[in-house]
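The values are calculated or read from the model by the stated rules, or taken from the named source; none is laboratory data. These numbers come from a predicted model, not from an experiment. Here the Cβ positions follow ideal geometry from the backbone for every residue, glycine too, while neighbour counts run over all protein chains shown.
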């Protein structure tokens, strides 16, 4: 791990009374970790970032100094703060390490390897620290957006903190963390060994980011941290998460994680001889999804969440609304499969729910529906998971080790392989997660996905394409009705029209495949009878479609 050098003079401390601005769910006062102490860390971290962004903005010279100062301003009230408990004795056993889902293999020190399995790669891989501080400038949004991670070490001299490229706060040192083993992929501005600004503060080059209003946007920030880490004590075999959100009047309100029950065992772990209460769920019978001489509309909804602290109530609401929209368009409940979190538990108005831990089940189901001749007319995929900057979806941390293992992530390559040559008439990908541009670029250059359309809302897209609810901001997906022409509905925004141009022919229909703008308009009865749900195919028509697809 390499650290961004940010040497900052101590800031004046605004000490709040213990009972002011702190809720019952705030960080405990263990080891002198008072609200004022946390606030001091946060102010120092934010100001160091803002000075760095201001220097870069002025150096680029594209806007005025006043505009640079406005762009570099990140109000503390818009930032959610997470911090780990600071133990009082500060011994070796009280140190903590931060583990990220996209941590790199091989970066763990030999001293720590004995206390963790080799697969549990420690973030940064160097040493343990007294505490971890995380600043989230976009609280409540789908993870995959930039967060700022600091290590905190106490009883550190100014000289040692300087050598660690840290922010010295009087026997406390904050060091900014970046992902390890990625420096060669990141263009960094180096201003020489050290550059002093007019105020005497020292700056060195670091990750290239831009602060716009209250939003951090990446510019090639492949080393940026995009998820909340799993912060565990060294030697803690239970891997208890020590990182907690701080409720404080000066900070943004903490997002409310979704309340979950006891994690369910994976379907594959529920053998016939294990008749336990946690194995009551029936496995997905994919082979019953397709019937001979019948074509249906199918949907697969994926909302991984990765872990409880990154799964919010709006993820459930997104699934509920999308599920209701599909049913309103004639999709049968037996043909809508939803994969959510670790338990697969959703409100009763959503049926056919399975844990997102079952990656093999997800892939097998998508592949089967795609490979089976005439099985699907319209195949809809709704993607709403935390996403790495390479487009990989995180499903769920099933083994609770904090690392996104192969079985716990669904890559763009795997998704494209499952959809390659899909025999559905049309495949619609409704993408409601970060970094959808990676998938879009791959689809545009593919010769195996001629019938696959990626749908995303342009109203809430940014350079890094990371928003909370892209499809729900203006209710665009909520209002797709049985009579809605997809091309007209999705192409209302000029930018979206350009995005959909290569696939406009596939979208000149309703969601259930009915033609647009026919005269006279189709009645509700005609839509239900001829297009929605499932349609029986006469033998002659079945063979005719078969030969037409072979010629195509």
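Across the range 445-491, which residue is surrounded by the fewest Cβ atoms within 10 Å (Cβ to Cβ) among those that are at pLDDT 50 or above and within 17 Å of the chain's Cα centre (by Cα)?
457
Are any residues in the range 314-334 without any contact (Cβ under 8 Å) to a residue 40 or more places away in the chain and within 23 Å of the chain's Cα centre (by Cα), and if so, which ones?
If the condition is that a residue be without any contact (Cβ under 8 Å) to a residue 40 or more places away in the chain and within 23 Å of the chain's Cα centre (by Cα), then 317, 320, 323 are the ones that fit.
Quick one: would you say residue 243 is at pLDDT 90 or above and under 23 Å from residue 81 (Cβ atoms)? Walk me through it before giving the result.
Numbers: at pLDDT 90 or above: yes; under 23 Å from residue 81 (Cβ atoms): yes.
Against the criterion (at pLDDT 90 or above and under 23 Å from residue 81 (Cβ atoms)), residue 243 qualifies.
State which residue pairs qualify: first residue more than 19 Å from residue 365 (Cα to Cα) and inside the range 335-350, second residue in a strand (DSSP E or B) in any location, beta carbons under 6 Å apart, and separation of 6 or more residues or different chains.
From residues that are more than 19 Å from residue 365 (Cα to Cα), the pairs are 346/340; 346/353.
Tell me, yes or no, whether the range 101-115 has at least one residue that is touching a strand residue (DSSP E or B) at 6+ places or on another chain (Cβ under 7 Å) and at pLDDT 75 or above.
Looking for residues that are touching a strand residue (DSSP E or B) at 6+ places or on another chain (Cβ under 7 Å) and at pLDDT 75 or above, one finds at least one in the range 101-115, hence yes.
How many residues are part of a loop (DSSP other than H, G, I, E, B) and within 30 Å of residue 531 (Cβ to Cβ) when one looks only at the range 370-412?
5
Within the range 220-235, is even one residue on the phi < 0 side of the Ramachandran plot, assigned by TED's automatic domain parsing to the domain that holds residue 179 and at pLDDT below 50? I'd like the intermediate steps shown before the answer.
The first filter runs over the range 220-235 and keeps only residues on the phi < 0 side of the Ramachandran plot, leaving 221-234.
Add one more test, that the residue is assigned by TED's automatic domain parsing to the domain that holds residue 179, and what stays is 221-234.
This time we only want the ones that are at pLDDT below 50, so: none.
Scanning the range 220-235, I find no residue that is on the phi < 0 side of the Ramachandran plot, assigned by TED's automatic domain parsing to the domain that holds residue 179 and at pLDDT below 50, so the answer is no.
Within the range 286-336, which residues are surrounded by fewer than 17 Cβ atoms within 10 Å (Cβ to Cβ) and in contact with a strand residue (DSSP E or B) (Cβ under 7 Å, 6 or more places away or on another chain)?
Once the filter is applied, which keeps residues that are surrounded by fewer than 17 Cβ atoms within 10 Å (Cβ to Cβ) and in contact with a strand residue (DSSP E or B) (Cβ under 7 Å, 6 or more places away or on another chain), the range 286-336 yields 293, 294, 332.
Answer yes or no as to whether residue 186 is farther than 21 Å from residue 406 by Cα, at pLDDT 90 or above and in the same structural domain as residue 230 (by TED's automatic domain parsing).
On the way: farther than 21 Å from residue 406 by Cα: yes; at pLDDT 90 or above: no; in the same structural domain as residue 230 (by TED's automatic domain parsing): yes.
Answer is no for this residue.
Mind telling me which of the residues 364, 384 ends up being assigned by TED's automatic domain parsing to the domain that holds residue 452, surrounded by fewer than 17 Cβ atoms within 10 Å (Cβ to Cβ) and within 25 Å of the chain's Cα centre (by Cα)?
On the way: 384 fails: surrounded by fewer than 17 Cβ atoms within 10 Å (Cβ to Cβ).
Step by step, each of 364, 384 is checked, and only 364 is assigned by TED's automatic domain parsing to the domain that holds residue 452, surrounded by fewer than 17 Cβ atoms within 10 Å (Cβ to Cβ) and within 25 Å of the chain's Cα centre (by Cα).
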